[in-house]
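Comments concern the structure below.
The values are calculated or read from the model by the stated rules, or taken from the named source; none is laboratory data. Remember, it's a predicted structure, so these values are computed and weren't measured experimentally. Using ideal geometry, Cβ is built from the backbone for each residue, glycine included, and neighbour counts are taken over all protein chains shown. In case anyone asks, the SASA skips ligands and DNA or RNA and just uses the protein heavy atoms, side chains included. Shrake-Rupley method; radii C 1.70, N 1.55, O 1.52, S 1.80 Å.
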Amino acid sequence: MGTGLAFALKYRQQKNIAIAMYGDGASNQGQFYEAMNMAGLWKLPIVYVCENNLYGMGTSNERHSHNTDYYARGDKIPGFKIEGQNILNVREAIKWAGAWTLENGPICIEMSTYRYHGHSMSDPGTTYRSKDEIAAIRKYRDPIEICRDIILENNWA
């Protein structure tokens, strides 16, 4: 859908971008590559954002993806990886990528995130990761704590 939106923007000559967000598990599906191929061919104004939370539904990245460098999955479409738990990183990456894609075509961003709970009701998220892992992420990478620390360290509040 995002690639179709980007095509419409280019067709109508609107100076804007589309952003397509998807998870690491979804990047293994065929339509993902088909859409990126079209976007690359037509230099569409789209930013592909992979929210890599380290787990597809019920399994770790290493068990469902041969290539876990999701930012590099666009073949010849450039990409980069950022810490997606930091709101300022996300803002600056999207701002930069948006300007870049208007001039050059599609780009991929892999945002390293984390899902504290299971993927759905049928996936409680307790069989493939430990409580210690979840607690460590909450302690060192929680986005609310990161944002709070940035605000306090810079005297923004």
In degrees, nearest 10, the alpha-carbon axis of helix 2-11 is tilted away from the dominant principal axis of the alpha carbons of the chain by 30 degrees
With Cα coordinates, the longest principal axis of the chain makes an angle with the long axis of helix 30-42, in degrees rounded to 10, of 40 degrees
Relative contact order of the chain (C-alpha contacts under 8 Å, at least 6 apart) in percent is 24 percent
Rounded to a whole %, the carbon-and-sulfur portion of the accessible area of the stretch 62-123 at a 1.4 Å probe is 53 percent
Options [x] 17.4, 58; [y] 23.0, 81; [z] 17.1, 51 for Rg and Dmax of the Cα atoms in Å; the value derived from the coordinates is listed as [z]
As a percent rounded to 5, the proportion of antiparallel DSSP bridges among beta bridges in the chain is 15 percent
Restricted to the stretch 8-66, the DSSP antiparallel beta bridge percent, nearest 5, is 25 percent
Given 98-109, 123-134, the highest-first ranking by average Cβ count within 10 Å works out to 98-109, 123-134
Regression test value, accessible area per residue of the chain, probe 1.4 Å, units Å², expected 62 Å²
Subtracting the Cα-Cα distance of N37 and N67 from 0.36 nm times their residue separation yields 9.0 nm
Helix 143-153 sits off the longest principal axis of the Cα atoms of the chain, rounded to the nearest 10 on a 0 to 90 degree scale, by 90 degrees
Of the listed pairs K15/K139; K10/K81; K43/K139; K15/K81, those with alpha carbons more than 32 Å apart are K15/K139; K43/K139
Scoring only Lys, Arg, Asp and Glu (+1, +1, -1, -1) among other residues with Cβ under 14 Å from the Cβ of Y71 yields -3
Note on the stretch 43-99: alpha-carbon gyration tensor, axes a ≥ b ≥ c; rule is a/c under 1.5 for rounded, else prolate if a/b larger than b/c, else oblate; result oblate
